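Just so you know, all these numbers are worked out from the coordinates, no wet-lab data involved. Since the model is a prediction, treat every value here as computed from it, not as a measurement. When we count neighbours, we look across all protein chains shown, and the Cβ atoms used for this are built from the backbone with ideal geometry, even at glycine.
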Amino acid sequence: MGGVLGILTLETRRKSRLKDSLEDEFEMVTVRHRPDGLGQLLEQTKFSKKELQILYRGFKNECPSGVVNEETFKEIYSQFFPQGDTRMYAHFLFNAFDADQDGNVSFEDFVTGLSILLRGNMNEKLQWAFNLYDINKDGYISKEEMLDIMKSIYDMMGKCTYPSLSTNTPRDHMEKFFQKMDRNRDGVVTIDEFIDACKEDSNIVRSLILFEKELI
């Protein structure tokens, strides 16, 4: 997401002097969606007032309507991985940010998710990661869901790895993780199994942290 964050803050970095308050901007800008008040966002996230100002200005610059749809999200995200195919992973990532599943990511959706990924504790980050892998949002991760995420990650990152990855690598990766997570062998991973396995196995955590550094 560092890619998305980078493009959203690119314009603001050229404007070093911030004169207007976030509240004034919320009232002055005509958009289809207006963010909640600053006070509520300060309570809901771990960003400072200044950080929220910068994030909002960048978001407004890229998304004047106040929301970003999936196609725009994919276009933005693809700029940071030109060597790979980002479409499927961006689709999953968009759905994870789209908290109310209305087909759009608002500033609140974006900044709330970003706060967890950048400032959240381990439990919060793992809960967010579980939501990413739980594609159909039924409260469980199946092998098919985990494989779909793994394939999307390798589609995006595989072309810039050395040596080249084999076509079986995503499935092997999935099988290894799933075996460790599915404690009761019922064919699905619950959020408790997911969190416990990640906390107990440093290899899984390192992999998640690696993906986080690459993708956020």
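Near Glu75, once Lys and Arg are set to +1 and Asp and Glu to -1 for all other residues with Cβ below 15 Å from its Cβ, the sum equals -2.
Computed extension gain for Asp100 through Ile191, at 0.36 nm per residue and net of the alpha carbon distance, reaches 30.8 nm. Note on Asn61 and Arg183: their simple-model spin labels are 4.7 nm apart, each label 7 Å out from Cα toward Cβ.
Cβ-Cβ distance of Arg119 and Leu147, R₀ of 41 Å, FRET efficiency by 1/(1 + (r/R0)^6): the value works out to about 0.85. Length gained on full extension, Asp172 to Arg87: 28.4 nm, using 0.36 nm per residue less the C-alpha separation.
Note down the net charge around Phe92, summing +1 for each Lys or Arg and -1 for each Asp or Glu among other residues with Cβ under 14 Å from its Cβ. Here the charged neighbours net out to -4. Couplings for region 183-193, taken from phi via the Karplus curve 6.51 cos²θ - 1.76 cosθ + 1.60 with θ = phi - 60°, read 5, 8, 6, 9, x, 9, 10, 7, 5, 5, 5 Hz in order; Gly and Pro are left as x. Put a dot 7 Å past the Cα of Lys137, heading toward its Cβ, do the same for Gln40, and the two dots end up 1.9 nm apart.
Within the shell of other residues whose beta carbon sits under 11 angstrom from the beta carbon of Lys180, the net charge comes to -4, with Lys and Arg scored +1 and Asp and Glu -1.
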